[in-house]
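The values are calculated or read from the model by the stated rules, or taken from the named source; none is laboratory data. If you're wondering where the values come from, they're calculated on a predicted model, not measured in any experiment. Cβ placement follows ideal geometry from the backbone for every residue including glycine, while neighbour counts extend to all protein chains displayed.
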Amino acid sequence: MKPAIEELKKELTEKHNLYLRALADYQNLEKRMLQAKDKEIKNFLFGFLKQLIELKEDMDKAQTFNQDPGLKLVYNKLKSILNRYSIREINPLNKEFSPETMECVQTVFGKKSNLVVQVFSKGYFYNDELLQPAKVAVSQLEVIPPTVDKKQQ
């Protein structure tokens, strides 16, 4: 009778281990599904916020040509919405170039190296995450080669 009890204990242990493995697999699947869902929501949100930013940039450009009070009202409302949802501008003009938050689209010669001299489009953060890098022109130190005096040759 004792061998049957030992056999049943062994079988119970095996079944228990299978149950624990199945439970762990299910919990891992649940975590992966939540992560995938969070990633999908984040991608949607970032896409939507980028479209709002494009609208804001278009309105920035429109305001340089048209000082209509209605346009200003809508523009201020859009800025208020972006601020409410923690969208911050990166305006790097006259600051040192940072590859983490900026994209260099042009280099120009200047008196200092690695300085942002022109901003083509502002960058934006959502909370502390980069939503869109600023597109900038960066100065590069102009190196003037020494001139050779023809009299010395």
>> Whether any residue in the range 73-92 is under 30 Å from Leu141 (Cα atoms), among the β-branched types (Val, Ile, Thr) and touching a strand residue (DSSP E or B) at 6+ places or on another chain (Cβ under 8 Å) is what I want to check.
In response: yes
>> Within the range 125-148, does at least one residue satisfy the condition of being surrounded by 12 or more Cβ atoms within 10 Å (Cβ to Cβ), of a type in the set (Phe, Trp, Tyr) and part of a strand (DSSP E or B)?
In response: yes
> With Leu12, Leu23, Leu49, Leu55 as the choices, which residue is assigned to a helix (DSSP H, G or I), surrounded by 10 or more Cβ atoms within 10 Å (Cβ to Cβ), touching a residue at least 60 places away in the same chain (Cβ under 8 Å) and not basic (Lys, Arg)?
Replying inline: Leu49
> Can Glu129 be described as modelled with pLDDT of 90 or more and touching a Gly at 6+ places or on another chain (Cβ under 8 Å)?
Replying inline: no
>> Quick check on the range 43-80: of everything there that is among the small types (Gly, Ala, Ser) and under 25 Å from Glu129 (Cα atoms), which residue is farthest from the chain's Cα centre (by Cα)?
In response: Ser80
> Could you list, in sequence order, the residues of the range 64-100 that are touching a Phe, Trp or Tyr at 6+ places or on another chain (Cβ under 8 Å) and closer than 23 Å to Val117 by Cβ?
Replying inline: Arg88, Glu89, Ile90
>> Of everything in the range 75-91, what is of a type in the set (A, V, I, L, M) and in a helix (DSSP H, G or I)? Give them in sequence order.
In response: Leu78, Ile81, Leu82
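Check Thr64, Thr107 and return the single one that is among the polar types (S, T, N, Q) and either assigned by TED's automatic domain parsing to the domain that holds Asn127 or more than 30 Å from Phe120 (Cα to Cα) (or both).
Within the list Thr64, Thr107, the selection yields Thr107.
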> When you look at Lys72, is it surrounded by 15 or more Cβ atoms within 10 Å (Cβ to Cβ) and part of a helix (DSSP H, G or I), yes or no?
Replying inline: no
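For Lys95, state whether it is in the same structural domain as Gln132 (by TED's automatic domain parsing) and surrounded by 13 or more Cβ atoms within 10 Å (Cβ to Cβ).
yes
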